[in-house]
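Shown next, in structure tokens, is the structure this report addresses.
The values are calculated or read from the model by the stated rules, or taken from the named source; none is laboratory data. Computed from a prediction, not measured in an experiment: that's the story for all the values here. Cβ placement follows ideal geometry from the backbone for every residue including glycine, while neighbour counts extend to all protein chains displayed.
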Amino acid sequence: MTGGSGRQAGRGRTSARRASAIPETTWRRLVAAARRARARAYAPYSRFQVGAALLTDDGTVFVGANVENSSFGLTICAERAAVVSAVANGYRRFRALALVAGRGEPASPCGACRQVLHEFAPDLPIRLVSADGRTRDVRLGELLPLGFGHRDLKRG
Ligand SMILES: [Zn+2]
């Protein structure tokens, strides 16, 4: 991993350069959608609001926000909400994910969300953005190397 805190515009670092296959205008559109979704998050317990925007292969964007529950274990993350919405609408091919959460160093997806994203896009470009504007570009393959997949099932 190559560090990566602070503002940057999608170039300069190795992982950022690879993620720049997604045009900067597209990233801006995704981040704006994720910010809007974050504003709709239901997070009365943690107060940690998260918004996600998932880009499909035809350019359609699906958003998700975290939805907490008084039975804490039932909380749904923004990333998984976006994936479920996309799949329910007939999409399974994804090109990029923007995630907006927290302040300071941008937050990254939890382990469960990494695995769910891996099912559909094992090397998905991801832009992590904090509420105060720090950005970090990563790929899912960096966050979840050797993720479990359908090929592993065939080896059972
Ligand atoms: Zn998660």
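Being in a loop (DSSP other than H, G, I, E, B), modelled with pLDDT of 95 or more and more than 16 Å from the ligand (Cβ to nearest atom) narrows it down to one residue among Asp123, Asp132; which is it? Reasoning before the result, please.
Working: Asp132 fails: modelled with pLDDT of 95 or more.
Answer to the selection: Asp123.
Give me the residue from the stretch 78-100 that is under 21 Å from Val138 (Cβ atoms) and more than 10 Å from the chain's Cα centre (by Cα) and, out of that set, surrounded by the fewest Cβ atoms within 10 Å (Cβ to Cβ). Before the answer, list the steps.
Just the residues of the stretch 78-100 that are under 21 Å from Val138 (Cβ atoms), to begin with: 78-83, 86, 93-100.
If we keep only those that are more than 10 Å from the chain's Cα centre (by Cα) as well, we get 81, 86, 93-95.
Working: Ala81: 23, Ala86: 22, Arg93: 10, Phe94: 21, Arg95: 17.
Out of the qualifying residues, it is Arg93.
Can you tell me which residue within the stretch 68-113, out of those that are within 13 Å of the ligand (Cβ to nearest atom) and part of a strand (DSSP E or B), is farthest from Ala39 (Cα to Cα)?
Checked the stretch 68-113; the qualifying residue farthest from Ala39 (Cα to Cα) is Leu97.
Residues are listed down the side, and each one gets a yes or a no for (1) at pLDDT 95 or above; (2) more than 17 Å from Val129 (Cα to Cα); (3) among the small types (Gly, Ala, Ser); (4) within 15 Å of the chain's Cα centre (by Cα):
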residue	(1), (2), (3), (4)
Arg13	no, no, no, no
Glu24	yes, no, no, no
Arg28	yes, no, no, yes
Ala33	yes, no, yes, yes
Arg36	yes, no, no, yes
Ala53	yes, no, yes, yes
Gly64	yes, no, yes, yes
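Look at Ala53 and say whether it is in contact (Cβ under 8 Å) with a residue 12 or more places away in the chain and assigned to a strand (DSSP E or B).
Numbers: in contact (Cβ under 8 Å) with a residue 12 or more places away in the chain: yes; assigned to a strand (DSSP E or B): yes.
So Ala53 passes the test.
In the set Ser70, Ser130, which member is more than 17 Å from Arg29 (Cβ to Cβ), without any contact (Cβ under 8 Å) to a residue 40 or more places away in the chain, out of contact with any helix residue (DSSP H, G or I) (no Cβ under 6 Å at 6 or more places or on another chain) and crowded, with 16+ Cβ neighbours inside 10 Å? Break it down stepwise before answering.
Working: Ser70 fails: crowded, with 16+ Cβ neighbours inside 10 Å.
The unique qualifying residue is Ser130.
Taking only pairs six or more apart or across chains, which ones have beta-carbon atoms under 9 Å, a first residue in the stretch 137-151 that is under 16 Å from Glu105 (Cβ atoms), and a second residue that is assigned to a strand (DSSP E or B) and of a type in the set (D, E, K, R)?
Here the result reads Asp137/Arg127; Val138/Arg127, each pair linking the stretch 137-151 to a residue that is assigned to a strand (DSSP E or B) and of a type in the set (D, E, K, R).
So which residues in the stretch 26-47 are hydrophobic (A, V, I, L, M, F, W, C) and either closer than 13 Å to Ser85 by Cβ or touching an Asp or Glu at 6+ places or on another chain (Cβ under 9 Å) (or both)? Give the derivation first.
Step one: list which residues in the stretch 26-47 are hydrophobic (A, V, I, L, M, F, W, C), which gives 27, 30-34, 37, 39, 41, 43.
Trp27, Ala33, Ala37, Ala41, Ala43, listed by residue number.
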